[in-house]
Amino acid sequence: MKPKKGNNRIVIPIGPQHPSLKEPGCFRITLEGEKVVHAEIDIGYNHRGLEKACESRNYIQTLYLIERVCGICSHTHSTAFCQGIEELAGLSIPPRAAYIRVIVSELERLHSHLLWLGVAGHEIGFDTLFMYSWRDREKVLDVLAEVCGNRVNYGINTIGGVRRDLDESMQQNIAKVIAFLEDQLKYYLDLALTDPTLSARLAGIGKLSREDALKYGAVGPVARAAGIMEDIRIIEPYAAYIEVPVKPVTDTRADVLGRTVVRIQEMLESLEIIGYCLKNLPGGELTVKAPRRIPAGEVISRTEAPRGENIHFIRANGTDILDRVRVRAPTEANWHGMKHMLEGEYLADVPITIAAIDPCYSCADRAIVINSERKTEMMDWQGLREYSIDWYKKRGLDLSAVKMPERKIYI
Amino acid sequence: MLSALTKILVFPGFLFMSAYGLFLEYLDRKVYARLQHRSGPPWYQPLADFLKLLGKETIIPANANQRMFRILPVISLSAVATAFIYVPVLAKAPSASFEGDLIIVLYLLTIPTVSLFLAGWYSRSVYATIGSVRTLTQMFAYEVPLFMALLAPALIAQTWSVTGMAEFYSQNPLYHLLNIPAFFVALISGQGKLERAPFDLPEAETEIVAGPLVEYSGKLLAIFKMSAVCELVLIASLISAVFLPLMTGNPLLDFLLYLIKTMAVLLFLALLRSAMARLRMDQMIKFCWRILTPIAVVQIIINLVIRGVL
Amino acid sequence: MGLLKKAINWGIRKSPWILHFNAGACNGCDIETIAALTPRFDLERMGVIQQGSPRHADILVCTGAVTLQTKERLKQIYDQMPEPKFVMAVGTCACSGGIFDGCYCVMGGIDKVIPVDVYIPGCAVRPEALISAVQKLLDTLKRPKKRGEEDAG
């Protein structure tokens, strides 16, 4: 935490506990005055070993675990996972289930983008915007809770369909929320484009041009704000998106303002999609019967998460326990451009630039970043010893009785 | 002697200022919350916060300068309390007044800012260091328009005393209309002085945690917070004394008017806080030097010309 | 002095400032914690303000199962907070490790690392539960001797 002096440079750590980051991640920003000259990204604080845990549970248990990859975009992860398994098992879900998946996924997009809008407002010190958008978000959560039974981690997907039906009153409530949100969203769009302080803080910040976005492999609103039409719902439709018309939303600003506008317009588009789905909701069954054992094979399943393209790789081995799952969450793809976006900015713009990709650390932390300099502080001798004892205990070797001499020097 | 002490310590001095400051903070937070569709804190909240901080453990970082770390909050609070002596609360009866006290008040007003800077500097934490550098940088931005805006009315009133100005304008209220641009300049740069949004860069929560106060805790933080609310009272009183002079001569009525005026100033500041995003340092400096300062300069020139005509 | 002590104790009960730390959660509990501060639930009614610096905080609101990488940081933050301080474990993962218990990178509940005053189970914790927990924690302070009790959640 000490400032490292030298050429008037200060290294300032942002995170892992920092008010602008709701989740642990660490950015070491080297400053020259107020300018960022170097940025180092250190993630992995949220790595829980989830993929490994999936390999010791059956498919239904795994489904709930996969939902906990991320609490904000849980539906998109479970959709991607279910789709993969369904493809391996050769199931095709009933049309009503496909429509319900799309409705929940668009509601999730609405809540996620409203959440983002609020966080963005908070990052630039505009708490009123934060409060307003979170107030509106509660309406979306109300219908999500009504449809799925939970405000977060919906648990509506199951292998072979969905677990709950949309009844008449739910549909009416969703329609009411859509009507309410349409006005609000138009107001926010107007605000983003006309409010002087807001546009002063958002325009021209965190530039990631079309070329750079392609180079760094940006996905989702970050890529779309740079003019790259990359939306899995359109280029590789899944579930009911095959039938539902989705209008592409892009922008050419390539900065934070562009990403804001893209997100708000996407929300408006989501309202259209939900409206269409409600109007054309087919009747029929909700699930098809899924086998307990999934035939061996490999599959890649892609969905469009609120933050961009979400990829699941699944390998099954013919038993009721899956062999391997790999989650490539959208934030993971967007991290690569972050250093490029941060360098040359003012310190004041760092939080909003980080927030603008809508980072989801729990999605992205698929591996521990072992940083030699930092790692030495992380675990002292005692901790290391406990860790190794635990490690061997799990493998049937109890070493806790072995007395170690008291070490004076702690690593 | 006793009455002078009472005036300085109880009413309208230190005790009144702290109590009224806590009330204004409540009002500010409540209005801010209502503007955000929240219900906001209960009326005793600032008092509870203050008492709680008094009861908390005070941690002084090992590598901070111990003596300065302890003494700076007290310096800050006492400077604000001293400045308040010269500002009229009851009509014509500030605790003390002399020709030129406006200058003293403005001078004393910079001390809390400087002690905040030093507090951050002596904390030896990166966030605090950056926050304190920002405090000082920001001071150079708002100080000039704030001073000029407060001096412009003094030119017409031909007195350098806050009380004198208040008296002059309450006798000639029409002259006050001339000062309306300066009034807004003073309000906006006062917001900068108080380090509230959109000028809350030194304690920008999402960038540098809590700025200069990041290492402060317990009693010392309580004193700094108290100093901040007292500064709020001082700025509100000063602006309302200079720019909203409406006096009847009846002490009770004047006191009521004082409350109304300061609350009106506070409401404007709360509205400003809720309606804007935080500016960046370069934007803030540009705004202060390119917009506020020219307005204040024009105001001074106009006032000089009018004074020549009179 | 008795009166001042009483007043300070009253202040502590009426002004809980929280510090939010995610020790490796899925985000669900975090967004619900933040949602508790927003207009629908508005924890500021009870005097709760979210603070950024551990030095200013009274309650550490901690979500998620503790991962190996956040463990040290969690301890450090807890040590930086001035007394009296309280810890709330928000969510099933924070209480016991929950769904992630047994993963190679997860320590388990928050109480493996720092002492916990309030456990709030739930996946995710609803803001109402959080509000109720804050109220219950503050109510325990009325009986000073029993403040360490773990029945508050």
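Each value in this text was obtained by applying a stated rule to the coordinates, not by laboratory testing. Everything numeric here is computed off the predicted structure, so don't read it as measured data. Backbone-built Cβ (ideal geometry, glycine too); neighbour counts: all protein chains shown.
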Exercise for the section: Take every residue in peptide A:127-136, count the Cβ atoms of other chains within 10 Å of its Cβ, and give the average of those counts. Expected result: 6
Practice task
Count, for each residue of B:276-288, the Cβ atoms from other chains sitting within 10 Å of its Cβ, then give me the mean as a whole number.
Solution key: 5
Practice task
Evaluate the charge dipole of the range A:50-333 about its Cα centre and quote only its size in Debye, nearest 20, assuming +1 on the Cβ of each Lys and Arg and -1 on the Cβ of each Asp and Glu.
Solution key: 540 debye
Handout entry: 10 Å Cβ neighbours from other chains, averaged over peptide A:52-62
Key = 1
Exercise for the section: Towards the positive end of the charge dipole of chain B, with charges on Cβ (+1 Lys, Arg; -1 Asp, Glu), say which of B:CYS230, B:VAL309, B:TRP43 has the farthest Cα. Expected result: B:TRP43
Problem - Length-normalised contact order of the range C:32-145 in % [C-alpha pairs under 8 Å, at least 6 apart] - result: 27 percent
Handout entry: Ranked packing of A:116-122, B:113-119, most packed first, by mean Cβ within 10 Å
Key = A:116-122, B:113-119
Completion exercise
Of A:178-187, A:101-110, A:223-232, A:246-255, ordering from highest average Cβ density within 10 Å down gives A:101-110, A:223-232, A:246-255, A:178-187
Fill in the blank from the handout: Fewest-first ordering of A:TYR276, B:TYR32 by Cβ atoms within 10 Å yields A:TYR276, B:TYR32
Handout entry: Burial order of peptide ranges C:136-142, C:47-53 (average beta-carbon count within 10 Å, highest first)
Key = C:47-53, C:136-142
Practice task
Please name which of A:THR331, A:VAL246, A:GLN171 has its Cα lying farthest along the dipole of the range A:50-333 towards the positive end, using unit charges on Cβ (Lys, Arg +1; Asp, Glu -1) and the Cα centre as origin.
Solution key: A:THR331
Completion exercise
Mean separation of Cα contacts under 8 Å (at least 6 apart) over the residue count of the range A:97-145, i.e. the relative contact order in percent, is 37 percent
Exercise for the section: Run the dipole for chain C about the Cα centre, Lys and Arg Cβ at +1, Asp and Glu Cβ at -1, nothing else charged, and hand back the magnitude in debye, nearest 20. Expected result: 620 debye
Exercise for the section: Specify which residue in the list B:PRO198, B:ALA277, B:LEU267 is farthest towards the positive end of the charge dipole of the range B:185-285, using unit charges on the beta carbon of Lys, Arg (+1) and Asp, Glu (-1), about the Cα centre. Expected result: B:LEU267
Exercise for the section: Report, in whole Å, the centroid distance computed from the Cα atoms of the range B:103-168 and the range A:167-217. Expected result: 40 Å
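Using the number of other C-beta atoms within 10 angstrom as an exposure proxy, rank B:LEU246, B:LEU151, B:LEU72 with the fewest first.
Lowest count first: B:LEU246, B:LEU151, B:LEU72.
Based only on Cα atoms, what Rg/Rh ratio does chain B have, Rh being taken as Kirkwood's radius?
Over the Cα atoms of chain B, Rg/Rh equals 0.96.
For n ≥ 4 DSSP H runs only, could you compute -39500 (n - 2.57) per run for the protein assembly as shown, divide by its residues and tell me the 222 nm figure to the nearest 500?
My calculation for the protein assembly as shown gives -17000 deg cm²/dmol from helical runs alone.
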Handout entry: Exposure rule at most 14 other beta-carbon atoms within 10 Å, DSSP loop GluC sites (Glu not before Pro): chain B longest free segment
Key = B:100-310
Fill in the blank from the handout: Hydrophobic long helices for chain A, i.e. whole DSSP H runs reaching 24 angstrom or more by Cα along the axis with Kyte-Doolittle mean at least 0.5, come out as A:256-279
Practice task
Could you list, in their original order, any pairs among C:LYS5/C:LYS142; C:LYS14/C:LYS71; A:LYS35/A:LYS207; A:LYS35/C:LYS71; B:LYS193/B:LYS261; C:LYS85/C:LYS136 whose Cα atoms are separated by more than 21 Å?
Solution key: C:LYS14/C:LYS71; A:LYS35/C:LYS71
Handout entry: the protein assembly as shown - charge dipole about Cα centre, Lys and Arg +1 at Cβ, Asp and Glu -1, debye rounded to 20
Key = 1880 debye
Completion exercise
With the 8 Å Cα cutoff and a minimum separation of six or more residues, chain A has a relative contact order in percent of 23 percent
Problem - Proxy reagent accessibility, fewest Cβ within 10 Å first, across B:LEU253, B:LEU108 - result: B:LEU253, B:LEU108
Problem - Global form of chain A, assessed from the alpha-carbon gyration tensor, a/c cut-off 1.5 - result: oblate
